[in-house]
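So the structure is just underneath, and the comments pick up after that.
The values are calculated or read from the model by the stated rules, or taken from the named source; none is laboratory data. Values in this document were obtained by computation on a predicted structure and should not be read as measured data. Cβ placement follows ideal geometry from the backbone for every residue including glycine, while neighbour counts extend to all protein chains displayed.
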Amino acid sequence: MKNISIAIHGGAGTILRAEMSAEKEQQYKDALQEALDAGYAVLENNGTALDAVEVAVKKLENCPLFNAAKGSVFNAIGKHEMDASIMDGKTTLAGAVCGVHNVQNPVSLARQVMEQTEHVLLMGEGAMDFAATIGYPFIDDDYFYDEFRYQQWLKIKDTENFQLDHSDLKDKKFGTVGAVALDVHGNIAAATSTGGMTNKKFGRVGDSPIIGAGTYANNATCAVSCTGSGEYFLRGVVAYDVACLIEHKNYSLQDACEEVIQHRLKNIGGDGGLIAVDTKGNITLSFNTEGMYRASKNNVGVQEISIYR
């Protein structure tokens, strides 16, 4: 029997059981289960890791609980700017978009960049122009409106403050979503998607669409999707740093993820987490925050759906 594995995340941060109602907790777990099952079904039917991570991330993008696509936060001018990336471990081809709007599933547009252009990253209106040229469907602003997100923005509108996902200012919750997978062909892939920061200005872009920082996949090492304080993940080149330790220092997947998240990232002041998988089917879910929305499943009976540390 050939190994298959998948892991997903829906963000990390100050996620406390005491502040979560039983109803809300169940909603998150149900959403994680749905995305996990959708991605795993692709793998179970001999589909590719690339298809599995796209399908799983699309499910999370379509859920308003997470800060990606439908659940995206409002920027400083009351609009949505979304980022996403995807990478194929077999070929190391990758595609990404940043600062896009009116796109129901940015992760799918990122895949189109990978498959239909010679580029890796397209930004803003250029990415929108590309979407138009390939006939990619756009969706009205109303689809992305969420009252909770709107009230969240109103609290800090016209200030110099910005905010991460579902949090009050004193909290940090990073609502990026992502997936990593191993398929029956022995290939791995990773994908990440986010709505960024509430009240973000000046076209700020975090790590999610940046290959090597928020997303990375290479059959020689591992597939990684990150969530956290993006500026630190950019500075730490976190996703590639994990792969680097495996390739050049012969670290295990678990040891590499723990070294990067618990030590290297912390040492520069960063917090957050990541999910990772290798071609042996090993899965690691590592974070240095109070919690991370996460789930994983493989073909030897391991399944996890968790929120808190």
Hey, VAL107 at pLDDT 95 or above and buried (at least 18 other Cβ atoms within 10 Å of the Cβ) or not: yes
So LYS2, is it charged (D, E, K, R), assigned to a helix (DSSP H, G or I) and surrounded by fewer than 16 Cβ atoms within 10 Å (Cβ to Cβ): no
Qualifying residues in the range 242-265 (those that are touching a residue at least 12 places away in the same chain (Cβ under 8 Å) and over 22 Å from GLY281 (Cβ atoms)) - the one surrounded by the most Cβ atoms within 10 Å (Cβ to Cβ): LEU265
Leading residue by the ranking (nearest to the chain's Cα centre (by Cα)) among those in the range 165-199 that are more than 22 Å from ASN105 (Cβ to Cβ) and modelled with pLDDT under 65: LYS173
Count of residues meeting criterion [touching a residue at least 12 places away in the same chain (Cβ under 8 Å) and not in a loop (DSSP other than H, G, I, E, B)] in the range 126-136: 4
The range 183-236 - residue that is part of a loop (DSSP other than H, G, I, E, B) and of a type in the set (Asp, Glu) and, of those, surrounded by the fewest Cβ atoms within 10 Å (Cβ to Cβ): ASP183
Filtered residue count, the range 14-52, keeping only those that are over 19 Å from THR284 (Cβ atoms), small (Gly, Ala, Ser) and either in a helix (DSSP H, G or I) or in contact (Cβ under 8 Å) with a residue 40 or more places away in the chain (or both): 6
